[in-house]
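In what follows, a single structure is set out as structure tokens and then discussed.
The values are calculated or read from the model by the stated rules, or taken from the named source; none is laboratory data. Since the structure is predicted, the reported quantities are computational estimates derived from the model, not experimental observations. As a convention, Cβ positions derive from the backbone with ideal geometry for all residues, glycine included, and neighbour counts pool all protein chains shown. Just so you know, the surface numbers come from the protein's heavy atoms only, side chains and all, with ligands and any DNA or RNA stripped out. Shrake-Rupley method; radii C 1.70, N 1.55, O 1.52, S 1.80 Å.
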Amino acid sequence: MSAQVPEGSVSEITARYTYGTWRFQKGWKPLHIVDAEGCHFTDSSGRRYLDFSSQLMCVTLGHKNPAVVAAIEEQAGKLAYIAPGFATDVRARLSLKLLEVLPAGLDKFFFTTSGTEANEAAIKIARMVTGRTKIISRYRSYHGSTMGSIAATGDPRRWPMEPAGKIPGVIFAPEVHCYKCPLLHHYPGCGIACVEYIGHMIEHESDVAAVLVEPVVGTNGVLIPPAEYMPRLRQICDATGVLLIADEVMSGWGRTGKWFAVDHWGVTPDILTTAKGITSAYVPLGLCATSRKIASFFDDHYFAHGHTYEAHPLTLAPAVAAISEIERLHLIDRAAETGAYMGARLRELVPKHPSIGDVRGLGLFWAVDLVKNRETKESFNSMADKVAGRTLLVDRIAAEMMNRGVFLQPWISHLVIAPPLIITREEVDTGIAALDAALVIADREADA
Ligand SMILES: Cc1ncc(COP(=O)(O)O)c(C=O)c1O
């Protein structure tokens with residue numbers, strides 16, 4: 001017998017019996033969503049919202065892509081599950097497809113069901129291959145929620161796990177953040193001290209297995225490194241025998257106007273992790289892709305990792321379809337083109353709104369960084385405000401945007417704009433008009 005849900009109580013039951021993630025539970029009133037299509041989703045009252053952040057920067061193809069839905073249905077009828085020790089058509093097909101789109105040289109794959117698990121795999125693999133322990137990550141970063149990946153996360157989502165939950169050996173480097181440089185330098189002319197400092201850390205720490213970076217940092221502010229950064233990091237890693245892990249969970253699959261963010265700089269990491277857009281998030285799939293050198297190591301060494309759901313056929317089939325759809329719809333080029341338009345439209349807001357400190361982005365991946373004071377670059381809220389559960393100014397702006405029918409993701413003191421790659425210029429205009437109106441809330445609190 002199916003459970004009967006009393007009318008109008010879906011939100012209340014959801015909040016009472018299931019956890020709301022990354023929040024205080026009190027006061028959670030999740031909006032009841034009943035449908036989604038293209039760049040929009042619909043609540044139970046029939047109200048439609050423009051999805052200006054692709055949910056969690058993951059619904060790359062937009063909602064209800066028919067080819068991906070069909071691939072799920074077909075695979076469910078054919079072979080829903082088989083243990084990872086077996087070969088399947090879909091596993092072979094996805095492997096060949098990945099070889100076409102990943103940076104050349106990454107050619108052995110471990111499939112997971114999240115970005116978190118992809119990074120856990122990467123950390124374990126790096127430790128097994130190098131025989132070393134330490135992982136260098138950066139402060140403004142997010143790499144996942146389980147023990148290893150949260151320990152490697154620089155942002156305050158790690159704080160509640162300190163210190164007992166910390167895995168040994170994770171150390172943090174300064175982030176690359178030219179608008180608010182943690183080293184108080186100014187680009188150009190800084191010699192990219194933040195990347196040179198990683199070399200210094202490797203030299204003085206010893207026992208470093210890998211450097212783990214988001215090539216374009218996502219939630220923590222869409223931080224785009226100067227052109228020299230990633231090639232120099234590659235050189236530093238090569239010179240010291242340290243593995244370079246690129247976390248492209250959010251930045252992959254066309255988000256930045258290339259298949260992967262590392263493609264902007266022609267850098268091939270030793271390990272690339274990804275998830276989200278690989279299936280347009282319709283089913284949970286993550287990927288840890290490694291170089292042949294790493295793959296060869298395990299020919300004669302025990303690969304001490306696995307999951308029941310590794311290479312789960314139902315997760316792989318939609319990935320083949322999603323990648324094919326990105327190609328068929330020319331979404332890489334479209335992300336670059338529509339992204340340039342979006343950037344220009346966002347920059348038009350700067351002179352109008354004293355609360356905008358910085359607008360930065362690449363492809364269809366943008367952040368609007370809000371400040372109380374443009375001179376001092378002081379933010380409206382801090383990371384401490386976030387973990388204390390205080391209502392942040394960016395949350396109020398996001399709420400106002402929802403009132404105006406546009407959904408986007410706020411974080412500490414910036415807004416992340418990352419719509420489905422199929423978004424039209426008209427839809428971009430709609431989202432920006434709502435943002436233009438909602439920013440008045442921040443302007444009122446900014447120093448004149
Ligand atoms: C850069 C990055 N790495 C890892 C993760 C974790 O992925 P998941 O939430 O699929 O576990 C995320 C999630 O947002 C992310 O943005």
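For the stretch 245-380, what does the alpha-carbon gyration tensor say about shape, rounded, prolate or oblate, given a ≥ b ≥ c as the root eigenvalues, a/c under 1.5 as rounded, and a/b over b/c as prolate?
Values: a/c = 2.52, a/b = 1.90, b/c = 1.33.
In terms of gyration-tensor shape, prolate.
Which pairs break 23 Å Cα to Cα here: Lys258/Lys386; Lys29/Lys180; Lys97/Lys258; Lys78/Lys108?
Details: Lys258/Lys386 32 Å; Lys29/Lys180 35 Å; Lys97/Lys258 16 Å; Lys78/Lys108 25 Å.
Pairs exceeding the cut-off: Lys258/Lys386; Lys29/Lys180; Lys78/Lys108.
Would you kindly state the longest site-free stretch of the chain, with sites defined as GluC sites (Glu not before Pro) in a DSSP loop (not H, G, I, E, B) surrounded by at most 15 other Cβ atoms within 10 Å?
Numbers: sites that count: Glu7, Glu228, Glu375.
Value returned for the longest uninterrupted segment is 8-227.
By accessible area of protein heavy atoms, probe 1.4 Å, what ranking do Arg132, Arg158, Arg396 get, highest first?
On the way: Arg132 70, Arg158 25, Arg396 95 Å².
Sorted by accessible area, descending: Arg396, Arg132, Arg158.
Please work out how much length the chain gains when fully extended from Leu99 to Lys377, using 0.36 nm per residue of separation minus the C-alpha to C-alpha distance, in nm with one decimal. The partial results should precede the final answer.
Details: separation 278, 0.36 × 278 = 100.08 nm, distance 4.34 nm.
Net length gain for the segment: 95.7 nm.
In terms of solvent-accessible area of protein heavy atoms at a 1.4 angstrom probe, what is the ranking of Val387, Val416, highest value first?
Values: Val387 65, Val416 0 Å².
Of Val387, Val416, the descending order of accessible area is Val387, Val416.
So what's the stretch 323-448 giving for Cα Rg divided by 2.2 N^0.38 Å, two decimals? Don't jump to the answer; show the numbers that get you there.
Working: Rg = 15.2 Å, N = 126, 2.2 N^0.38 = 13.8 Å.
With N residues counted in the stretch 323-448, Rg over 2.2 N^0.38 Å equals 1.10.
Where the centre of each part is set by its Cα atoms, how far does the stretch 45-96 sit from the stretch 327-345, in angstrom?
After rounding, the separation between the Cα centres reads 22 Å.
In debye, nearest 20, what is the charge dipole magnitude of the chain about its Cα centre with +1 on Lys and Arg Cβ and -1 on Asp and Glu Cβ, if you could check?
The dipole magnitude comes to about 500 debye.
How far apart, in nm, are two points set 7 Å out from the Cα along the Cα-to-Cβ line at Val34 and at Glu196?
My value for the distance between the label points is 6.1 nm.
Based on alpha-carbon centroids, what's the gap between the stretch 410-425 and the stretch 257-304 in Å, whole number please?
The stretch 410-425 and the stretch 257-304 have Cα centres separated by 24 Å.
Please figure out what share of the DSSP beta bridges in the chain is antiparallel and state it in percent, rounded to the nearest 5. Don't skip to the end; give the middle numbers.
On the way: 34 of 50 bridges.
Just about 70 percent of them are antiparallel.
May I ask you to give the solvent-accessible area per residue for the chain, in square angstrom, as obtained with a 1.4 angstrom probe?
Numbers: 19410 Å² over 448 residues.
In whole numbers, the chain has 43 Å² accessible per residue.
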